[in-house]
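> Before I ask anything, here is the structure I am working with.
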Amino acid sequence: MAKKSRQMAANAEVKAPAIDIGIGDRDRAKIAEGLSRLLADTYTLYLKTHNYHWNVTGPMFNTLHLMFETQYNELALAVDAVAERIRALGHPAPGSYKAYAKLSAIEEADEAPSAEQMIAELVRGNETVAKTARSVFPAAEKAADESTADLLTQRMQVHEKTAWMLRSMLQ
């Protein structure tokens, strides 16, 4: 019985080791701060895109309904990847509408505008997310954080392409 008690006491004393991934505390904090803004922008764009998917009307209904669905599904996966990178850096990922409202550069949609206005707003939203991702690069590069740089590159590619495709529908 004494052996089991010692083993339980030893297990109770085990603490997680400090993060030692080759990126210092300050650099990880700065990167996580930027990624938190990216997460907020991505989630806000997800919500706006999903809203437009539900509420689009007009002659382009089927095309836009399906396109917006593809986009919001991609964004749903993206928020998870960004949040998990923040956690891997040792910081809490923001996860409330209140936090996102403070961090996001994307305005929420209060109502459903015309289909063309939806497209224009989603162009701006995707460009905003691309700019936010780009703004985190200096901190990631300074810290030689290739994992974050790779994530940022992927996010920029997706949002720049999506903005181009949406913009093309308005020309």
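Read the figures in this text as sums done on the coordinates, not as results from a lab. Note that the structure is predicted; figures quoted are calculated from it, not measured. Note: ideal-geometry Cβ built from the backbone for every residue, glycine included; neighbour counts use all protein chains shown.
> Would you please classify the overall shape of the stretch 98-167 from the alpha carbon gyration tensor, given that a ≥ b ≥ c denote the square roots of the eigenvalues, rounded means a/c under 1.5, and beyond that prolate means a/b larger than b/c while oblate covers the rest? Walk me through the numbers on the way to the answer.
On the way: a/c = 3.87, a/b = 1.73, b/c = 2.24.
Since a/c reaches 1.5 but b/c is at least a/b, the shape of the stretch 98-167 is classed as oblate.
> Could you check the simple spin-label distance between Met165 and Tyr97, using points 7 Å along Cα→Cβ, in nm with one decimal?
2.8
> Using a Gaussian network model of the chain whose springs link C-alpha atoms within less than 10 Å, name the residue from Met156, Met118, Met60 with the highest mean-square fluctuation.
Checking each option, the largest mean-square fluctuation is seen for Met60.
> Please work out how much length the chain gains when fully extended from Lys15 to Ala105, using 0.36 nm per residue of separation minus the C-alpha to C-alpha distance, in nm with one decimal. Before the final figure, lay out the partial values.
Working: separation 90, 0.36 × 90 = 32.40 nm, distance 3.80 nm.
This chain segment gains 28.6 nm when fully extended.
> Can you bin the stretch 1-137 into rounded, prolate or oblate? Criterion: square roots of the alpha carbon gyration tensor eigenvalues sorted a ≥ b ≥ c, rounded for a/c under 1.5, prolate for a/b above b/c, oblate for the rest. Each step should come with its number before you reach the end.
Numbers: a/c = 3.68, a/b = 2.32, b/c = 1.59.
Prolate is the answer for the stretch 1-137, as a/c is 1.5 or above and a/b outweighs b/c.
> Also: When Val158, Val136, Val129, Val14 are ordered from fewest to most other Cβ atoms inside 10 Å of their Cβ, what list results? Mind showing how you got there, number by number?
Numbers: Val158 19, Val136 24, Val129 30, Val14 7.
So the residues, fewest neighbours to most, are Val14, Val158, Val136, Val129.
> Which order results if Asp145, Asp27 are arranged by neighbouring Cβ count within 10 Å, fewest first?
Ranked by crowding around the Cβ, least crowded first: Asp27, Asp145.
> Another question, if that's okay. Report, in whole Å, the centroid distance computed from the Cα atoms of the stretch 16-54 and the stretch 96-115.
17
> Give, in nm to one decimal, the length gained when the segment between Glu69 and Ala144 is fully stretched (0.36 nm per residue of separation minus the Cα-Cα distance).
On the way: separation 75, 0.36 × 75 = 27.00 nm, distance 3.55 nm.
Length gained between Glu69 and Ala144: 23.5 nm.
> Filter the DSSP H helices in the chain by two things, a Kyte-Doolittle mean of at least -1.0 and an axial alpha-carbon span of 18 angstrom or more, and list the hits by number.
The answer, listed by residue number, is 25-55, 61-88, 115-142, 146-168.
> Can you show me the helix-derived [θ] at 222 nm for the chain, built from DSSP H runs with n ≥ 4 at -39,500 (n - 2.57) apiece and divided by the number of residues, rounded to the nearest 500. Don't jump to the answer; show the numbers that get you there.
On the way: 6 runs with 129 residues, N = 171.
Roughly -26000 deg cm²/dmol at 222 nm, from the helical runs in the chain.
> Which of Leu103, Leu35, Leu45, Leu64 has the fewest other C-beta atoms within 10 Å, and how do the rest follow up to the most? Present the calculation step by step, with values, prior to reporting the outcome.
Numbers: Leu103 18, Leu35 29, Leu45 26, Leu64 22.
Ascending Cβ contact count within 10 Å gives the list Leu103, Leu64, Leu45, Leu35.
> From the square roots a ≥ b ≥ c of the eigenvalues of the alpha-carbon gyration tensor of the stretch 35-87, which class results: rounded (a/c under 1.5), prolate (a/b over b/c), or oblate? Could the numbers behind the result be given before it?
On the way: a/c = 4.66, a/b = 2.73, b/c = 1.70.
Prolate.
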